[in-house]
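Enquirer: Please read through the structure below; I'll follow up with questions.
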């Protein structure tokens, strides 16, 4: 655990020691703030639905897009940069296990995302001062958002282990995540049975329940399995140095 | 003396490429061994197998008695490594970087500060403790890399080209630093700078095309590569007469006059004689007794450069067979 913590602390210092972190946080907050404002405005103008499901559903579905935009840019450097600079070779000669290195970096990106998510709560707090609302649905939404982010981070780390080029790592992450989003968009052509199977795998179909204010075990399980799968891919990818000769 | 590093028939393949064929050697505690070879000889791959970056495809190796595959963490705990591309995290201050590595090496929290201070002292970097690694000169960054390797007081140090890319003054400093480390540790120093090996190392290991060609002290390698002793003599006197006199000396096998010095007053002769016989006194006697003038008489030793080139170029010929035996035998 100490090793994981040491790696996470180093990564966080690297994040917050560079302007990139503040740009990414800024972009996330500006976009999510814009969505929060425009969703509230839309709801007030055309609303008259139930606040608990109607408004928050819009907000969290929009936050999903911002997360999709920003997180691959957060995770892309985690392994790619170390391989490019050659610092990773030293790590492999230290008495630490590969999974500890992955979990340390994972933890760092997760904490970074948690900081962003905490900051997005400011408009909720302000809104609640003027207009008290039930807390349950946004809690479900935030649970879903954190799980979604966790899954994105795992996928981003796996992509980052595959290359020493950060842009390639980010593009690869976008590719995989967008594929898991679009895979159920072909209702018109697909067989209904196939669509039903695809829905099981669709990233965002599992997120909509959270956004609508409902926490379901199957959705939590989906995100955890997604995360574990990509962490496993990362581990195997790092271990491939044994036969690829690329450190 | 106990064996600190033991490699037996190490082999590494990447797909169809064989990077390291069959490498065996033993290094005893306290030795400083130079690891030589042209680029692409398989040095880095061998070091990476020893340091646990990746496992060998076949064969086994131990560091301080710990198998590098089965007992990998213990083996890695016993070594400090300075990678060739030693680029410590540039955005970190030196002391914080060293604390990070110390934590990774499992040094206890209570002992961290003392451990970091100790290696900073040993590497001479206390002065820059709070500067960012990325802002240091290359020589200082290399010192940070060495300090990092020293953390945890590992009995084995593996340094991959510690002086490459440094200016001459930095090279001298780093060499002195490495030389000082060798007194209490076992050190493998990979390099392709031969003078470095000559000045620091007790033994050399020469590698080419994925094979170890020889492991021995430079003197014994010379003995092995050259089946005779060689002396050079500058003599004043008629060439043919001198030749005759020299050839009459017992144990002298061959005398070659230097062709270039034909018209000069003195001529140089290369005299080869049996191994194990120092016949300088007899040679001097023959020259002076014959009424010739002896200006200079000195032994001709093979430079490490010549040894290296002979081994590497004759790699496919006569040298490797006995050299491989030597490598197996270790000493």
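The values are calculated or read from the model by the stated rules, or taken from the named source; none is laboratory data. Since the model is a prediction, treat every value here as computed from it, not as a measurement. All Cβ positions, even for glycine, are placed from backbone atoms using ideal geometry, and neighbour counts span all protein chains on display.
Enquirer: It is to be established whether one or more residues within the stretch B:315-327 are surrounded by 14 or more Cβ atoms within 10 Å (Cβ to Cβ), modelled with pLDDT under 75, farther than 22 Å from residue B:27 by Cα and in the same structural domain as residue B:204 (by TED's automatic domain parsing).
Expert: Yes, the conditions are met somewhere in the stretch B:315-327.
Enquirer: Across the stretch B:56-77, what is the number of residues that are within 9 Å of another protein chain (Cβ to nearest Cβ) and either in contact (Cβ under 8 Å) with a residue 12 or more places away in the chain or part of a strand (DSSP E or B) (or both)?
Expert: 5
Enquirer: Being at pLDDT below 90, buried (at least 17 other Cβ atoms within 10 Å of the Cβ), touching a helix residue (DSSP H, G or I) at 6+ places or on another chain (Cβ under 7 Å) and over 22 Å from residue B:50 (Cβ atoms): is that true of residue B:86 here?
Expert: no
Enquirer: Hey, any hits in the stretch B:80-94 for a residue that's in the same structural domain as residue B:217 (by TED's automatic domain parsing), touching a residue at least 40 places away in the same chain (Cβ under 8 Å), closer than 26 Å to residue B:207 by Cβ and part of a loop (DSSP other than H, G, I, E, B)?
Expert: No, the conditions are met nowhere in the stretch B:80-94.
Enquirer: Within the stretch A:41-53, is there a residue that is over 17 Å from residue A:144 (Cα atoms), surrounded by fewer than 14 Cβ atoms within 10 Å (Cβ to Cβ) and within 14 Å of another protein chain (Cβ to nearest Cβ)?
Expert: No; the residues of the stretch A:41-53 include none that is over 17 Å from residue A:144 (Cα atoms), surrounded by fewer than 14 Cβ atoms within 10 Å (Cβ to Cβ) and within 14 Å of another protein chain (Cβ to nearest Cβ).
Enquirer: Evaluate the following for residue B:159: is it in contact with a strand residue (DSSP E or B) (Cβ under 8 Å, 6 or more places away or on another chain) and farther than 30 Å from residue B:286 by Cα?
Expert: Here the answer is yes, as residue B:159 does meet what is asked.
Enquirer: Within the stretch B:1-55, track down each residue that is under 27 Å from residue A:97 (Cα atoms), modelled with pLDDT under 90 and in a loop (DSSP other than H, G, I, E, B).
Expert: B:15, B:42
Enquirer: Residues B:145, B:139: which one is at the interface with chain A (Cβ under 9 Å from one of its Cβ atoms) and either assigned to a helix (DSSP H, G or I) or surrounded by fewer than 20 Cβ atoms within 10 Å (Cβ to Cβ) (or both)? Give the derivation first.
Expert: On the way: B:139 fails: at the interface with chain A (Cβ under 9 Å from one of its Cβ atoms).
Among B:145, B:139, only B:145 is at the interface with chain A (Cβ under 9 Å from one of its Cβ atoms) and either assigned to a helix (DSSP H, G or I) or surrounded by fewer than 20 Cβ atoms within 10 Å (Cβ to Cβ) (or both).
Enquirer: Another question about this same structure. Could you please let me know if residue B:134 is within 23 Å of residue B:39 (Cα to Cα) and either in contact with a helix residue (DSSP H, G or I) (Cβ under 6 Å, 6 or more places away or on another chain) or in contact (Cβ under 8 Å) with a residue 24 or more places away in the chain (or both)?
Expert: When the stated conditions are applied, residue B:134 does not pass them.
Enquirer: Quick one: which residue in B:52, B:40 is within 11 Å of another protein chain (Cβ to nearest Cβ), surrounded by fewer than 24 Cβ atoms within 10 Å (Cβ to Cβ) and out of contact with any strand residue (DSSP E or B) (no Cβ under 6 Å at 6 or more places or on another chain)?
Expert: Exactly one residue qualifies, and that residue is B:52.
Enquirer: For a quick check of your reading: which strands (runs of 3 or more DSSP E) sit entirely within the stretch B:149-229 and have at least 2 residues that are under 30 Å from residue B:252 (Cβ atoms)?
Expert: B:211-216
Enquirer: Counting only residues that are closer than 25 Å to residue B:79 by Cα and in contact with a helix residue (DSSP H, G or I) (Cβ under 9 Å, 6 or more places away or on another chain), give me the helices (runs of 4 or more DSSP H) lying completely in the stretch A:79-166 with at least 2 of them.
Expert: Here the list reads A:87-93, A:98-130.
Enquirer: Look at residue A:135 and say whether it is in contact with a strand residue (DSSP E or B) (Cβ under 7 Å, 6 or more places away or on another chain) and without any contact (Cβ under 8 Å) to a residue 12 or more places away in the chain.
Expert: no
Enquirer: Same structure again: What's the total number of residues in the stretch B:182-195 that are closer than 25 Å to residue B:64 by Cβ and either surrounded by fewer than 17 Cβ atoms within 10 Å (Cβ to Cβ) or out of contact with any strand residue (DSSP E or B) (no Cβ under 6 Å at 6 or more places or on another chain) (or both)?
Expert: Of the residues in the stretch B:182-195, 3 are closer than 25 Å to residue B:64 by Cβ and either surrounded by fewer than 17 Cβ atoms within 10 Å (Cβ to Cβ) or out of contact with any strand residue (DSSP E or B) (no Cβ under 6 Å at 6 or more places or on another chain) (or both).
Enquirer: Of everything in the stretch A:77-115 that's farther than 22 Å from residue B:107 by Cβ, buried (at least 22 other Cβ atoms within 10 Å of the Cβ) and away from chain B (no Cβ under 12 Å), which residue is nearest to the chain's Cα centre (by Cα)?
Expert: Only one residue tops the list, namely A:113.
Enquirer: Follow-up question, since we're still on this one. With the checklist (1) surrounded by fewer than 16 Cβ atoms within 10 Å (Cβ to Cβ); (2) at negative phi; (3) at the interface with chain A (Cβ under 10 Å from one of its Cβ atoms) in hand, flag the one item residue B:80 doesn't pass.
Expert: (1)
Enquirer: May I pose another question? Does residue B:103 fit the bill of being more than 30 Å from residue B:192 (Cα to Cα), at the interface with chain A (Cβ under 8 Å from one of its Cβ atoms), surrounded by fewer than 20 Cβ atoms within 10 Å (Cβ to Cβ) and without any contact (Cβ under 8 Å) to a residue 60 or more places away in the chain? Outline the logic, then answer.
Expert: On the way: more than 30 Å from residue B:192 (Cα to Cα): yes; at the interface with chain A (Cβ under 8 Å from one of its Cβ atoms): yes; surrounded by fewer than 20 Cβ atoms within 10 Å (Cβ to Cβ): no; without any contact (Cβ under 8 Å) to a residue 60 or more places away in the chain: yes.
Against the criterion (more than 30 Å from residue B:192 (Cα to Cα), at the interface with chain A (Cβ under 8 Å from one of its Cβ atoms), surrounded by fewer than 20 Cβ atoms within 10 Å (Cβ to Cβ) and without any contact (Cβ under 8 Å) to a residue 60 or more places away in the chain), residue B:103 does not qualify.
Table: residues versus (1) farther than 28 Å from residue A:98 by Cβ; (2) under 14 Å from the mean Cα position of the chain (by Cα); (3) in a helix (DSSP H, G or I).
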| position | (1), (2), (3) |
| --- | --- |
| A:172 | no, no, yes |
| A:180 | no, yes, yes |
| A:197 | yes, no, yes |
| A:226 | no, yes, yes |
| A:234 | no, no, yes |
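Enquirer: Within the stretch B:278-288, how many residues turn out to be farther than 18 Å from residue B:223 by Cβ and in contact (Cβ under 8 Å) with a residue 40 or more places away in the chain?
Expert: 3
Enquirer: Name, by its number, the condition in (1) over 24 Å from residue A:9 (Cβ atoms); (2) assigned by TED's automatic domain parsing to the domain that holds residue B:51 that does not hold for residue B:73.
Expert: Among (1) over 24 Å from residue A:9 (Cβ atoms); (2) assigned by TED's automatic domain parsing to the domain that holds residue B:51, the lone unmet condition for residue B:73 is (1).
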